[in-house]
Amino acid sequence: MRTILLKQRKTGFQCLALLMLLATAFTPAFLLPAWAASSDAVIDLADTNPAAEGDGWIYSNGLYTIQDGANVTVTGSNGGSTRRIEVAAGAAAVTLDNASIYITDTSGSGAPVSLQNGANLTLTLAGESALTGNLFYAGIYVPSGAALTVTGSGKLIARGGDSDSCGG
């Protein structure tokens, strides 16, 4: 009798573990909290030679493009370079965790964070972050047809070259 009870408990535990595994495996990445992001889903702006791609993003010519369905954490400082963030059309989640993007280039490289038409970004603030555009761009560019939701308990200072914080 005791053996049967132990076997039943083990089977119940295995079923519970399997259900939890399946539930996690089929959860879209952008619904997971920031701490659940893989190390490849972290963008370190201080990295002067970043990989060409990570989990939910691609990098080319100073531009990190956040892809549809991504859950990405952005940290560090771009050191005044042109490295910046753009969110592609679709839904994505980005956590700014003590991040600083300061665009000093005046050749029109873009806003520190910009959304493409059709993008729906949930921006979570953790720690203190700053976004500063150059003379021609806002700190966060949200065009018509895109949506931005800001959450979290962190602090964000967003400035444009002419003191605009958001544009669109």
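The values are calculated or read from the model by the stated rules, or taken from the named source; none is laboratory data. Keep in mind it's a predicted model, so treat the numbers as computed, not measured. A quick note on method: Cβ atoms are made from the backbone with ideal geometry, for glycine too, and the neighbour counts reach across all protein chains shown.
Numbers below:
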read-out: Contacts under 7 angstrom Cβ, first residue in the stretch 117-130 being closer than 20 Å to L45 by Cβ and of a type in the set (D, E, K, R), partner modelled with pLDDT of 95 or more and assigned to a strand (DSSP E or B), 6 or more apart; value: E128/N98; E128/K155
read-out: Hey, S144 more than 21 Å from G69 (Cα to Cα) and either among the hydroxyl-bearing types (S, T, Y) or modelled with pLDDT of 95 or more (or both) or not; value: no
read-out: Test set (1) within 21 Å of D105 (Cα to Cα); (2) modelled with pLDDT of 95 or more - G80 fails condition number; value: (2)
read-out: Filtered residues of the stretch 131-150 (kept if within 15 Å of the chain's Cα centre (by Cα) and within 20 Å of D97 (Cβ to Cβ)); value: L131, I140, L148, T149, V150
read-out: Identity of the residue in the stretch 50-68, in a loop (DSSP other than H, G, I, E, B) and within 10 Å of the chain's Cα centre (by Cα), that ends up nearest to A119 (Cα to Cα); value: Q67
read-out: Unmet requirement for A89, which otherwise passes all of (1) modelled with pLDDT under 95; (2) touching a Gly at 6+ places or on another chain (Cβ under 6 Å); (3) small (G, A, S); value: (1)
